[in-house]
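These notes concern the structure reproduced below.
The values are calculated or read from the model by the stated rules, or taken from the named source; none is laboratory data. What you see is a predicted model; the values in this text were computed from it and never measured. Cβ coordinates were reconstructed from backbone atoms using ideal geometry, including for glycine residues, and neighbour counts include every protein chain displayed. To get the accessible areas, we keep the full protein, side chains included, count just its heavy atoms, and leave off ligands, DNA and RNA. Shrake-Rupley method; radii C 1.70, N 1.55, O 1.52, S 1.80 Å.
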Amino acid sequence: MLTLIKNGTLVTEDKSQVGDLLIEDEKIIKIAEKINHGENMEVIDASGLFVLPGGVDVHVHLDLPMFGTVSSDDHYTGTKAAAFGGTTTVIDFISQDSDDLLKNVKELKEKAASKAAVDYSFHANITHLTETVEKDIPLLVKEGITSLKVFTAYNNRLRLQDGEIFKVMRIARDNGILTMLHAENGDVIEIMVKEAVEAQHLSPDWHAKTRPSWGAVESVMRASAISAMADAPLYIVHMNAGGEVDLLEYAQTHGLKVFGETCPQYLFFTEDDLAKADGAKWICSPPMRTKQDQLRLWQGLETGIVQTIATDHCPFFYDGSTPITYEGNSIAIPGKELGKGDFTKIPNGLPGVGDRMPILWTEMVVSGRFTVNQFVKLTCTNPAKLFGMYPQKGTLQTGSDADLVLWDPNKKLQYGIAYSQQRTDYNLYEGWKLNGYPVSVYSRGELIVEQGRWLGKPGRGKFISRKTFTSDCLG
Ligand code: DUC
Ligand code: ZN
Ligand code: ZN
């Protein structure tokens, strides 16, 4: 099966050029200024459209149990929502439910296989370190899993001690695995939450007040120092505080292989949003910060200190007692209302996997602040490179998977729940005016979204077995 996409502006991290692109089955087989129409070719006229690599979102939580409920997008609905927003590869996390890492891997692989509608992979959370776990970490590589996540917060639940993080990083280093860090100060949070509850400070804004940004800043410094001592690379997830960018820069100028990710919510919202009447919608961990933090995060992206923009997609219903209609069926999943009157019981997380590319296009490219190439680099190419999927994903090259987005820069719309396909009852960007939107999305050569119509199927997404990390992966 041959598909010829003609006259689009083909965009990679370093080039934009009008040209043609030929797909055979699942792969891009040719890119040229002009490719002649041959026999048995479907021809798509992409004049006036950008042709982008499919987005790569390396931070999502699908079907994640939390606070007696579960994040409301599973591996089908979350990957479908991703596709509508121009994202064709996602990486979810394997919770460490036991000391048997491989069992956890097998279970999540089985769960996702029949559901995922775009390609996906997994990071492994390491939240309880035993000798067995230490021995099993290297086995993740054979499973195609070449990244793991550790936490300096969530005491007695997910957190590892500094020495344990040091040990994990050394094992990861020896096996080409990239260590990711959730940076907050668990001890301080534990004390501050307890005090807030005792003082009856229970409104959503106290979620941010009890998780101070200095905790994130010192954790970035601490983990960077540990990465230096372990001689291991490190990737800081969901950077939210300006000080984290400062410390990341400090680590980088000292020659450390330390990388950073931020998410749209930290670029567009602040702790003031938590103080609104419906502030629970913005509750996620780590929380949003201030305007100054936003500015420094933007600077971090502009200067290359921060390399990726992911989402930490982990949606919950705002009112999980009232059903929505999803694919013709009525569905309600308990959500943020579980914490009505007590912020400590509000499930942490936000929708975002489908919003990321459209929102960032308008805010980064249309605003003139970033080039279309920088947009592709931050949302597609760097994520694929850092997580061992390049050039299969994240670029337009002969031999790459034909994951493509035809992007109409002239499409104007008022965004919100009417567009986003995330399975929840609200959208953080409701009413935002967008200039430019994905109109057709291909995943491994298959057209899965066309002009707002869903053509994909559960189970068509494939697990991507990832390559090991190399410290020169960004070139
Ligand atoms: N943060 C959230 O807000 N939700 C899920 C996990 C995380 O790190
Ligand atoms: Zn996290
Ligand atoms: Zn997360």
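Quick notes
- Residues 450, 327, sorted by accessible area with the largest first, give 327, 450 [1.4 Å probe; ligands and nucleic acids excluded].
- Taking 0.36 nm per residue of separation and subtracting the Cα-Cα distance, full extension of the segment from residue 454 to residue 303 would add 50.6 nm.
- Cα shape, the stretch 55-366, gyration tensor, a/c 1.5 rule: rounded
- Where only DSSP H runs of four or more residues are counted, the chain gives -7500 deg cm²/dmol as its mean residue ellipticity at 222 nm, each run worth -39500 (n - 2.57).
- Length gained when the stretch residue 214-residue 412 is fully extended (0.36 nm per residue, less Cα-Cα span): 67.3 nm
- For the stretch 62-201: rounded, prolate or oblate by the Cα gyration tensor [a/c cutoff 1.5]: oblate
- Note on residue 16 and residue 250: their simple-model spin labels are 3.8 nm apart, each label 7 Å out from Cα toward Cβ.
- The alpha-carbon of residue 103 sits under 19 angstrom from the alpha-carbons of these aspartates and glutamates, leaving out residues fewer than 8 places away in its chain: 63, 92, 131, 134, 136, 143.
- To put it simply, the accessible area of the stretch 216-334 at a 1.4 Å probe is 53 percent carbon and sulfur.
- Simple spin-label estimate for residue 433 and residue 295 gives 2.5 nm between the two label positions (7 Å along the Cα-to-Cβ direction from each Cα).
- Surface accessible to a 1.4 Å probe, per residue, for the residues of the chain, Å²: 37 Å²
- The slack between residue 229 and residue 327, meaning 0.36 nm per residue of separation minus the straight C-alpha distance, is 30.1 nm.
- Rel. contact order, % - alpha carbon contacts under 8 angstrom, at least six apart, the chain: 22 percent
- Apolar share of the accessible surface for the stretch 403-475: 47 percent from carbon plus sulfur atoms, 1.4 Å probe.
- In the chain, a dipole from Cβ-located charges (positive for Lys and Arg, negative for Asp and Glu) runs towards its positive end, and of 280, 362, 189 it is 362 whose Cα lies farthest in that direction.
- In this structure residue 407 has an accessible area near 0 Å², from a 1.4 Å probe over the protein heavy atoms.
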